[in-house]
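These notes concern the structure reproduced below.
The values are calculated or read from the model by the stated rules, or taken from the named source; none is laboratory data. Predicted model only: the values in this text are computed from it and were never measured. When we count neighbours, we look across all protein chains shown, and the Cβ atoms used for this are built from the backbone with ideal geometry, even at glycine. Surface areas here come from the heavy atoms of the whole protein model, side chains and all, with no ligands, DNA or RNA. Shrake-Rupley method; radii C 1.70, N 1.55, O 1.52, S 1.80 Å.
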Amino acid sequence: MNGGDEVVAAPGGPPQPLEWKFSQVFGERTAGEEVQEVDIISAIEFDKTGDHLATGDRGGRVVLFERTDTKDNGGTRRDLERMDYPISRHPEFRYKTEFQSHEPEFDYLKSLEIEEKINKIRWCQTANGALFLLSTNDKTIKFWKVQEKKVKKISEMNVDPSKAVGNGNLASSSNLGSSKTHLANGGCSDRSFSCLSNDISFPPGGIPSLRLPQVTSHETSLVARCRRVYAHAHDYHINSISNNSDGETFISADDLRINLWNLEISNQSFNIVDVKPANMEDLTEVITSAEFHPTHCNTLAYSSSKGSIRLIDLRQSALCDSHAKLFEEQEAPGARSFFTEIIASISDIKFGKDGRYILSRDYMTLKLWDINMDSGPVTTFQVHEYLRPKLCDLYENDSIFDKFECCLSGDGLRVATGSYSNLFRVFGCGTGSTEATTLEASKNPMRRQVPTPSRPSRSLSSSITRVVRRGAENPGVDANGNCFDFTTKLLHLAWHPTENSIACAAANSLYMYYA
């Protein structure tokens, strides 16, 4: 794999499980240090190149990191590969800048506090060396431009009063009858030019006080400027924003509506999906996540609290209430319980890089869907099946409503998602893969490893038989026999677009791993 230490499988065999290594941590807590609520990370996003990473937190701040291990070698990764330059196998990032994206607000009409927490960040296309990104809280989306500005300072000025010559002295020292012409800094020359006036001249050697200030660029600073604010378009909390592949438009989704925006126009948007019933008592499901297809600018998908995913085509009609395709898994007979609908709610969906597959995360599982097969998911991965007997406790402490994110690798061979006790899971979804790795967001990510029995898997394209894969399980306790901690949850993570590198958030700390 690019940038990885993966053992190459035999021809025709499944890819070998990756061995993950700790790379970096930003904002690491010391033992016993209390985490401030505003510092907890609430969004993570790589840009398309993988050279920049953005995080948002509950305090409304956006922090940017930039990759350094390719930049230090003096070229882009692609250029270095062309030159056969030895590339570092250890992706490294450094802090770049941060800015306050959102502030707490109060809606006086609804007597409602609007918190500053960043819900989502999405990178936009770069232009002229500047970075552009969208960030949103519950109600307002902002379009940011981050650019390097050179700080210019005046390095020399004539401030010596003994050399200062006043206007009066200048006039008295002028030889009005002289025909000498003027040079820079008040000097004079015997050469004359017809285009210059002969009515005024300067003393030999010029005037010592006549100095021009010199402006020099001392250093560069990064400046973040809010270019546009997209507000007052959502009655409910925004849960998703997604850029279109056309580079001009994006969508924003709340519980009941999806709006389409043009990046250049902030005062109007088009409502393209509206699931709000005439009578709110008839409401049975809400929108939980939405994302544009990575290459087809007319296609987007959105998920619901009932566990279904709808694919819509913007060419069909202005209001896309009718879907082009519906993806949902039929409920097993007799399996219904009080918690069935709660844990079926999809918290996040992501398209694969080529747009063929959609990855969805509900409370208990990851599901991989083929957009050409709407009869059910291609593969189901059990994330933390050991929690099923504890659903009642999780309901009591509201943990059952936690919204875990998911991500796919750039090559589409693996998927990842978070769990409790700061654990996250990596599953292989390639042909014949049985990979199911449990990692901990710490400097020793592999210390919670438990041997996972091999389970039959299958090709994504060769068969429609569905498989279920489980991660390492042990009811109620982890691999070391410790009780699971439901207060430490790993909700947010992102996979580098071209390499096997994962960034994940554990409270206020950003951990990075590579394989």
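Only one of the numbered conditions (1) under 23 Å from L300 (Cβ atoms); (2) over 27 Å from the mean Cα position of the chain (by Cα); (3) not in a loop (DSSP other than H, G, I, E, B) is violated by L359, and that is (2).
Residue-wise test of (1) closer than 30 Å to N119 by Cα; (2) modelled with pLDDT of 95 or more; (3) out of contact with any helix residue (DSSP H, G or I) (no Cβ under 9 Å at 6 or more places or on another chain).
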{"residue": "S42", "(1), (2), (3)": "yes, yes, yes"}
{"residue": "F46", "(1), (2), (3)": "yes, yes, yes"}
{"residue": "G50", "(1), (2), (3)": "yes, no, no"}
{"residue": "T55", "(1), (2), (3)": "yes, yes, yes"}
{"residue": "V62", "(1), (2), (3)": "yes, yes, yes"}
{"residue": "G74", "(1), (2), (3)": "no, no, no"}
{"residue": "M83", "(1), (2), (3)": "no, no, yes"}
{"residue": "P91", "(1), (2), (3)": "yes, no, yes"}
{"residue": "S101", "(1), (2), (3)": "yes, yes, yes"}
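Among the residues making up region 46-64, those that are closer than 19 Å to R225 by Cα and part of a strand (DSSP E or B) are H52, L53, A54, T55, G56, D57, R61, V62, V63, L64. From the list T340, T295, the one residue that fits, being surrounded by fewer than 20 Cβ atoms within 10 Å (Cβ to Cβ), free of Cβ contacts under 8 Å to residues at least 12 places away in the same chain and out of contact with any helix residue (DSSP H, G or I) (no Cβ under 8 Å at 6 or more places or on another chain), is T340. May I ask you to verify whether S252 is of a type in the set (G, A, S), open to solvent by less than 60 Å² (accessible area, probe 1.4 Å), in a strand (DSSP E or B) and free of Cβ contacts under 8 Å to residues at least 60 places away in the same chain? Against the criterion (of a type in the set (G, A, S), open to solvent by less than 60 Å² (accessible area, probe 1.4 Å), in a strand (DSSP E or B) and free of Cβ contacts under 8 Å to residues at least 60 places away in the same chain), S252 does not qualify.
Note on region 87-143: residues that are part of a strand (DSSP E or B) and either within 17 Å of R228 (Cβ to Cβ) or touching a Ser or Thr at 6+ places or on another chain (Cβ under 6 Å) (or both) total 18.
The strands (runs of 3 or more DSSP E) found wholly in region 365-454 and carrying at least 1 residues that are farther than 25 Å from I342 by Cα occupy 414-418, 423-428, 436-440. Scanning region 394-422 for residues that are open to solvent by 60 Å² or more (accessible area, probe 1.4 Å), in contact (Cβ under 8 Å) with a residue 24 or more places away in the chain and not polar (S, T, N, Q) yields Y395, F401, K403, D411. Would you confirm whether any residue within region 457-477 is at pLDDT below 50, of a type in the set (V, I, T), outside any strand (DSSP E or B) and surrounded by fewer than 14 Cβ atoms within 10 Å (Cβ to Cβ)? Within region 457-477, one or more residues are at pLDDT below 50, of a type in the set (V, I, T), outside any strand (DSSP E or B) and surrounded by fewer than 14 Cβ atoms within 10 Å (Cβ to Cβ).
Whenever a residue of region 11-37 is within 13 Å of S509 (Cβ to Cβ) and in a loop (DSSP other than H, G, I, E, B), its partners that are of a type in the set (D, E) and modelled with pLDDT of 90 or more, lying with C-beta atoms within less than 8 angstrom and at least six residues away or across chains, give the pairs G27/D39.
One residue is enough: does region 269-284 have a residue meeting the conditions assigned to a strand (DSSP E or B) and under 15 Å from D138 (Cα atoms)? For region 269-284, residues assigned to a strand (DSSP E or B) and under 15 Å from D138 (Cα atoms): absent.
Is it true that some residue in region 331-347 is at pLDDT 95 or above and among the aromatic types (F, W, Y)? No, that holds for no residue. When the residues of region 363-377 are filtered to those that are of a type outside the set (S, T, N, Q) and over 27 Å from the mean Cα position of the chain (by Cα), which remaining residue is least open to solvent (accessible area, probe 1.4 Å)? Only one residue fits best here, namely G376.
So is E105 open to solvent by 40 Å² or more (accessible area, probe 1.4 Å) and more than 23 Å from N244 (Cβ to Cβ) or not? Considered against the rule, which asks whether it is open to solvent by 40 Å² or more (accessible area, probe 1.4 Å) and more than 23 Å from N244 (Cβ to Cβ), E105 comes out as yes. Applying the set (1) open to solvent by less than 40 Å² (accessible area, probe 1.4 Å); (2) over 18 Å from N239 (Cβ atoms) to Y302 leaves exactly one unmet item: (2). Residues in region 312-329 that are open to solvent by 50 Å² or more (accessible area, probe 1.4 Å) and charged (D, E, K, R): R315, D321, K325, E328, E329.
Selection of region 262-280 for residues being of a type in the set (D, E, K, R) and in contact (Cβ under 8 Å) with a residue 40 or more places away in the chain yields only D274.
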